Amino acid sequence: MHLLIPFFLAAGMGLAYLGAFHEPEPNHLSLAVVGSGAPASVFAQQLNDAEPGRLQVRVVADAGTARQLMEDREISAAYEPAADQATLYVASAASATTAEVAKKIFQPLAFDQHLPLDVVDVIPTNEHDPTSQGLFFLLVGLSVGAYSSAVAISAVAGRVSVPWRAGVVVGSSAVVAAIGIIIAGPIYGILDHGLWGLWLLSWLYVTTIALLGVALHPVLRKWTTPTLTMLFVMLNFTSSGGIFTSETLPPFFAALGTFWNGAAWLHAAQSMVYFPGQSFGADGLKLTLWLIVAAALLVLTHLWSVRRTRLSDELARVREEETVVAA
């Protein structure tokens with residue numbers, strides 16, 4: 001019975017990570033062809049027909065429009081063929097792996113058209129984050145710190161009231177978030193601006209996971225840690241878009257990314273760091289809703305725990321009275 005938890009973790013990690021990452025391929029990948037007239041429209045349609053369900057290629061009038069769409073994160077890459085050269089516009093800050101997927105799609109096409117291909121990175125990362133995955137690994141650190149805090153707090157939670165539990169969670173989450181931001185910012189230089197905003201965003205994210213852990217502990221007990229691992233490692237990291245975006249993930253993990261809190265945090269953090277001016281209100285709303293659910297669950301499981309304890313005490317008292325009467 002003690003081995004059930006490691007068996008669960010081994011199976012879950014394998015299914016989640018290999019299921020999400022073993023064979024990345026385009027899934028409604030948003031692309032653009034720069035051009036005008038019938039030739040551009042025919043070329044775009046040929047791409048869509050050649051990869052049904054895999055590519056969504058539109059035609060844009062000029063490179064400026066393509067760049068703006070990439071800055072708004074409405075497309076992942078754009079291809080511009082010209083008389084003597086082809087240009088591929090990518091955004092490594094959004095996803096370096098998606099940029100590589102776009103190169104694999106368009107390099108053979110440029111070769112067939114006998115055009116040298118120039119790759120232009122429209123939104124690059126900073127010099128200390130060449131793979132564009134620094135924010136994802138910050139997400140990993142925040143998540144592990146969050147559910148580890150939940151486990152530590154749960155060990156003594158039964159002896160303190162709900163407000164005190166919530167207060168300790170909020171305070172410890174602020175520290176976990178600060179540790180992550182300091183490491184990613186001043187120490188390694190992955191973050192070079194907006195540290196206070198990212199700290200607040202991370203504080204919200206960490207608080208939610210820690211609250212959920214503390215809320216679930218009275219019900220799940222020793223299964224709290226594997227449950228948190230399933231929610232915030234197996235499902236969270238694989239659907240966040242940090243390694244492969246939703247446009248290159250299997251449908252299940254792509255669907256999770258539309259509402260999971262890790263994906264919301266990462267998208268909002270990317271907006272703050274690499275896409276200034278882009279709204280991330282929807283991501284903030286998702287994170288807030290997760291926090292509300294976690295707080296409500298904390299209250300509900302506390303009430304359930306109190307009721308269970310009261311019923312247990314009453315049952316023990318009845319049995320004691322029955323024993324006295326029988327004697």
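The values are calculated or read from the model by the stated rules, or taken from the named source; none is laboratory data. Just so we're clear, the structure is a prediction, and the values are computed from it rather than from any experiment. Counting neighbours? That spans all protein chains shown, and the Cβs are built from the backbone with ideal geometry, glycine included. Side chains are part of the model used for accessible areas, which takes the heavy atoms of the whole protein and leaves out ligands, DNA and RNA. Shrake-Rupley method; radii C 1.70, N 1.55, O 1.52, S 1.80 Å.
Calculated accessible area for the chain comes out at 50 Å² per residue, all protein chains present (probe 1.4 Å; ligands, DNA, RNA ignored). When all protein chains stay in place and ligands, DNA and RNA are ignored, the 1.4 Å accessible-area order of 272, 13, 1, largest first, is 1, 13, 272.
State whether segment 143-262 is rounded, prolate or oblate according to the following rule on the C-alpha gyration tensor (a ≥ b ≥ c being the square roots of its eigenvalues): a/c under 1.5 gives rounded; otherwise a/b larger than b/c gives prolate, and the remaining case gives oblate. Note, shape of segment 143-262 comes out oblate.
Suppose we flag GluC sites (Glu not before Pro) only when DSSP calls them loop and at most 12 other Cβ atoms lie within 10 Å. Which is the longest uninterrupted stretch of the chain?
128-327
Between residue 128 and residue 100, the simple spin-label model (points 7 angstrom out along Cα→Cβ) gives 2.4 nm. Among the chymotrypsin sites (Phe, Trp or Tyr not before Pro) in segment 204-283, those located in a DSSP loop and surrounded by at most 16 other Cβ atoms within 10 Å of their own Cβ are 259.
For the peptides 27-33, 3-9, 288-294, what is the packing order when you average, over each peptide's residues, the other Cβ atoms within 10 Å and list the highest mean first?
Packing proxy ranking, top to bottom: 27-33, 288-294, 3-9.
Most simply put, the chain has about 25% antiparallel DSSP beta bridges, counting only bridges with both residues inside it.
What the Cβ-Cβ distance of residue 299 and residue 151 gives, at R0 = 22 Å and to the nearest 0.05, is a FRET efficiency of 0.65.
In terms of its C-alpha gyration tensor, the chain comes out prolate, because a/c is 1.5 or above and the ratio a/b outweighs b/c.
Farthest toward the positive end of the dipole of the chain, out of 303, 101, 19, is the Cα of 303, where the dipole comes from beta carbon charges about the Cα centre. Ligands, DNA and RNA left out, the accessible area of the chain computed with a 1.4 Å probe is 67% carbon and sulfur.
Determine the dipole magnitude for segment 93-187: charges of +1 sit on the beta-carbon of Lys and Arg, -1 on that of Asp and Glu, nothing else is charged, the reference point is the Cα centre, and the result goes in debye to the nearest 20.
Using only the charged Cβ atoms, the result is roughly 680 debye.
Rounded to the nearest 20 debye, the dipole size of the chain about its Cα centre is 1560 debye, using +1 on the Cβ of Lys and Arg and -1 on the Cβ of Asp and Glu. Please give the residues of segment 233-272, grouped as numeric ranges, whose backbone N is less than 17 Å from a label point set 7 Å along the Cα-to-Cβ vector of residue 8. Of the residues in segment 233-272, 233-236 have backbone N under 17 Å from the label point off residue 8.
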